[in-house]
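What follows is a short report on a single structure.
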Amino acid sequence: MTAPAEPLLDPTEVMVGTANGPGLWIAPEGTEPPAVGEAFAAPWLSLGYTSDDGVTVGGDKTTESLTPWQSTAPIRTIITEVTRTVAFVLWQLNQTTLGLYFDSPVPAPDADGVTEFDVASSGGGLIYAVAVDARDGENCLRLIWRRANLDSTGDMQLTKGAAVPLDVTLSALDNNGSQLTVQQFPASLLTDTLTVTAEKTSAQSVADVQDDTEAVAAEPVSSGV
Amino acid sequence: MRSASEMISRRRIAQSATFDPALNFPMPDIEAFVWQAVSHLGDDYGSSITSWCYASVPVPGPSGWNVLSSIQVDVRDQSKAAAFRRSDTARRIVLGLISVPWSEGVINRVDMVAGPQWLADYGTGRPRYVTQFVVQVHPNNGKEMQ
């Protein structure tokens, strides 16, 4: 009797698409990704909070079928174009995210914190390197586009009661025969584990938070509500 | 009274029932983990804390692997201000659990879905704040855990 084909059912290989820390990174065109497991460092920049929908990686293929006179089924399919995209909705507004959304170079804020730029009526097509960094327990997945540019944008709605969305879709460009790099590896190879925390509490651990409770407990009990 | 053969038969049914590996993992006890993290907030100075899982539903994936649990945390204290502050400490602890290593499972997300809500105890008027969270968990997926 022959052994069953591998792989068998294995739920530990099921991955929930949670961000590994910031999870979404951008850098100048052609920037090399960190080695497997190593942390993202400059010139990579975090794109900050994204919407709850996370990141969507898409793909499209254009083909041309060769159907001979003697058959109704094609005998060969020629791939004429392969498009791979990455889409997400950014929630943080800053020099990096606005520049990406408007496909414009954006100067650094001045001393007063003012960012001002014109969106050119022509031009654009800025090229970036983009990386998605996901982790689910012991499973890590990184997708890196070394060359990608803005493909399309969604509506930027300024409404009451909602974060202003920067809906961005980037399309992969060829990079010496490669569109993107996929890295899958165990979490044991991570050299630095980042957690998503607000900037002001980034150095604060759960233990620190627990210490706060001692201050609360030490306060004199007030008599009224 | 069950016969010996009937007992053996039932045991065989139970032993042969697991055909999906996703079902053959111990379910992480997120309710106990949250309690482990916040219970110390209510052990002195007249304060008390209660946390429990009031609903749990599966999410898409292998059956039973991913679960979305709704957790409620009630914090009581001797004043409204003290209850609020202690409740906020509990909020930070629960939201921070996503980064705490846990041998039983993996927490994929923690969202606060309601609260902090002022809900003084009926009858006594004892100050209480209520906060509700949803926590998505699945069993530990480390190969060494199997």
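Just give me the residues in region A:77-112 being of a type outside the set (Ser, Thr, Tyr), under 25 Å from A:Thr181 (Cα atoms) and in contact with a Leu (Cβ under 8 Å, 6 or more places away or on another chain), in sequence order.
Here is the first cut: in region A:77-112, the residues of a type outside the set (Ser, Thr, Tyr) are A:78-79, A:81-82, A:84, A:86-95, A:98-100, A:102-103, A:105-112.
Filter again for under 25 Å from A:Thr181 (Cα atoms), leaving A:78-79, A:81-82, A:84, A:86-90, A:99-100, A:103.
The answer is A:Ile78, A:Arg84, A:Val86, A:Ala87, A:Phe88, A:Val89, A:Leu90, A:Gly99, A:Leu100, A:Asp103.
Considered as a group, the residues in region B:58-94 that are closer than 13 Å to B:Arg128 by Cα and among the β-branched types (Val, Ile, Thr) include one that is farthest from the other protein chains (Cβ to nearest Cβ), and that residue is B:Val73.
Taken over region A:103-135, the criterion of being surrounded by fewer than 11 Cβ atoms within 10 Å (Cβ to Cβ) and within 14 Å of chain B (Cβ to nearest Cβ) is satisfied by no residue. Close contacts from region B:99-115, counting a first residue that is closer than 11 Å to B:Ile71 by Cβ and more than 9 Å from chain A (Cβ to nearest Cβ) and a second that is among the small types (Gly, Ala, Ser) and part of a strand (DSSP E or B), with Cβ to Cβ under 9 Å and a gap of 6+ residues or different chains, come to B:Val113/B:Ser70. Residues in region A:136-153 that are part of a strand (DSSP E or B) and within 14 Å of chain B (Cβ to nearest Cβ): 4 in all.
Of the residues making up region B:20-38, one or more are within 9 Å of chain A (Cβ to nearest Cβ) and within 27 Å of B:Met112 (Cα to Cα). Selection over region A:159-181 of residues that are within 18 Å of A:Asp52 (Cα to Cα) and part of a loop (DSSP other than H, G, I, E, B) gives a count of 6.
Against the conditions (1) within 30 Å of A:Asp136 (Cβ to Cβ); (2) at pLDDT below 85; (3) away from every other protein chain (no Cβ under 12 Å), B:Ser5 satisfies every one except (1).
Within region B:8-29, identify whether any single residue is surrounded by 17 or more Cβ atoms within 10 Å (Cβ to Cβ) and in a helix (DSSP H, G or I), and answer yes or no.
Of region B:8-29, the ones surrounded by 17 or more Cβ atoms within 10 Å (Cβ to Cβ) are B:22, B:25, B:28.
Restricting the remaining residues to those that are in a helix (DSSP H, G or I) gives B:22.
Yes; the residues of region B:8-29 include at least one that is surrounded by 17 or more Cβ atoms within 10 Å (Cβ to Cβ) and in a helix (DSSP H, G or I).
Of the residues examined, B:Arg126 is one that is more than 9 Å from chain A (Cβ to nearest Cβ), charged (D, E, K, R) and part of a loop (DSSP other than H, G, I, E, B).
Among the conditions (1) among the β-branched types (Val, Ile, Thr); (2) more than 17 Å from A:Glu138 (Cβ to Cβ); (3) in contact with a Gly (Cβ under 7 Å, 6 or more places away or on another chain), the only one that B:Val94 does not satisfy is (3). Evaluating A:Trp145 against the criteria (1) in contact (Cβ under 8 Å) with a residue 12 or more places away in the chain; (2) in contact with a Pro (Cβ under 7 Å, 6 or more places away or on another chain) leaves one unmet condition, (2).
Selection within region A:64-97: residues that are more than 16 Å from the chain's Cα centre (by Cα) and surrounded by 13 or more Cβ atoms within 10 Å (Cβ to Cβ). The member of this set that is nearest to A:Asn20 (Cα to Cα) is A:Asn94. Taking the listed residues A:Thr18, A:Thr62, the one that is in contact (Cβ under 8 Å) with a residue 12 or more places away in the chain, touching an Asp or Glu at 6+ places or on another chain (Cβ under 9 Å) and under 30 Å from B:Glu104 (Cα atoms) is A:Thr18, with no other qualifying. Just one of the numbered conditions (1) crowded, with 20+ Cβ neighbours inside 10 Å; (2) at pLDDT 95 or above; (3) over 18 Å from the mean Cα position of the chain (by Cα) is not true of B:Trp118: (1). Residue count for region A:159-200, restricted to those that are at pLDDT 90 or above and β-branched (Val, Ile, Thr): 6.
Please determine, by comparing only the residues of region B:129-146 that are farther than 22 Å from A:Gly17 by Cβ and within 11 Å of another protein chain (Cβ to nearest Cβ), which one is modelled with the lowest pLDDT.
Of region B:129-146, the ones farther than 22 Å from A:Gly17 by Cβ are B:129-132, B:144, B:146.
Remaining after also requiring within 11 Å of another protein chain (Cβ to nearest Cβ): B:144, B:146.
Numbers: B:Glu144: 54, B:Gln146: 44.
So the residue we want is B:Gln146.
The values are calculated or read from the model by the stated rules, or taken from the named source; none is laboratory data. Here the structure is a predicted model, which is why all the values come from computation and not from measurement. Every residue, glycine among them, receives a Cβ derived from its backbone with ideal geometry; neighbour counts consider all protein chains shown.
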